[in-house]
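Derivation of every value follows stated rules applied to the coordinates shown; laboratory data play no part. All of these numbers come straight from a predicted model, not from anything done at the bench. Glycine gets a Cβ as well: all are built from the backbone with ideal geometry, and neighbour counts include every protein chain shown.
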Amino acid sequence: METARRIISTCAQLGISLASAESLTGGRFVASLVDVPGASAVVRGGLVTYATDLKASLAGVNADHLEETGPIDPVVAAQMAVGTAVQCVADIGISCTGVAGPDPQDDKPVGLVYTAIAFGGKAKVFEHDFTGDRDSIRSQTVQAMAVNLDEFVGELAFGPEAGQASNAGGDATE
């Protein structure tokens, strides 16, 4: 909850808004943000794109790419983040797509999750390899999104040295 408070506070100080596109978390991330008093000054909304086709129709993911790679893909995560920022008219878009289990999906292992943060039409993608049961993987995803977003907005507000912490178990890719 402290991380969510810091995200809301920093975004409010910067005068920037955010929105999410969530798949495996089903809206848990944006719910964690709106639990913070004052979140309405920052949070524009969220898209729950649990079904694959909604990633294209709501979040703007390229349908051909989605058909080619399936939903568990770094480009899909990036396009979801950019798309939610556009659709929700937000400065920052954040997204997640992955396999919570109990079974693999499209030959992708349980625990493989991609999260992304978009700002200015560009996205940074994080790959995660989480372990545990379905609920644990979903919780770890929400936590990783919060940590990565906290570091990102901290860097926007205070410079690169502000976001020195780890990226919550993921490897950043551009």
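Using only alpha-carbon positions in the range 59-117, the gyration tensor eigenvalues give semi-axes of 22, 13, 7 Å once each is multiplied by 5 and square-rooted (largest first). Working note: Karplus 6.51/-1.76/1.60 with θ = phi - 60° gives the range 111-126 the couplings x, 6, 9, 10, 10, 8, 10, 10, 8, x, x, 10, 10, 10, 10, 10 Hz, where Gly and Pro are set to x. Distance from the Cα centroid of the range 70-106 to that of the range 1-47 is 16 Å (rounded to whole angstrom).
From helices alone, the chain scores -13000 deg cm²/dmol at 222 nm; the rule is -39500 (n - 2.57) for each run of n ≥ 4 DSSP H residues, then divide by the residue total. Straight-line reach from LYS108: taking Cα to Cα under 25 Å and skipping same-chain neighbours fewer than 8 places apart, the lysines in range are LYS55, LYS124.
Considering only VAL75, ASN62, GLY121, and ranking their Cα positions along the charge dipole of the range 2-173 that arises from unit charges at the beta-carbon of Lys, Arg, Asp and Glu, the one farthest toward the positive end is GLY121.
A cut-off of 5 Å between modelled amide H atoms, ignoring neighbours fewer than 5 places along the same chain, links ILE92 with SER17, LEU18, ALA19.
Could you tell me the convex hull volume per residue, in Å³, taken over the Cα atoms of the range 1-58?
On the way: hull volume 3.9 nm³, N = 58.
Output value, Cα hull per residue: 67 Å³.
Please state the charge dipole magnitude for the range 1-150, taken about the Cα centre, from unit charges on C-beta atoms (+1 on K and R, -1 on D and E), reported in debye and rounded to the nearest 20.
With only Lys, Arg, Asp and Glu charged at Cβ, the dipole is about 620 debye.
Helices of the chain meeting both criteria, an alpha-carbon length of 24 angstrom or more along the long axis and an average Kyte-Doolittle score not below -0.5, with helices taken as full DSSP H segments, are 134-158. The C-alpha atoms of the chain occupy a region whose extents along the principal axes are 43, 31, 28 Å, arranged from largest to smallest.
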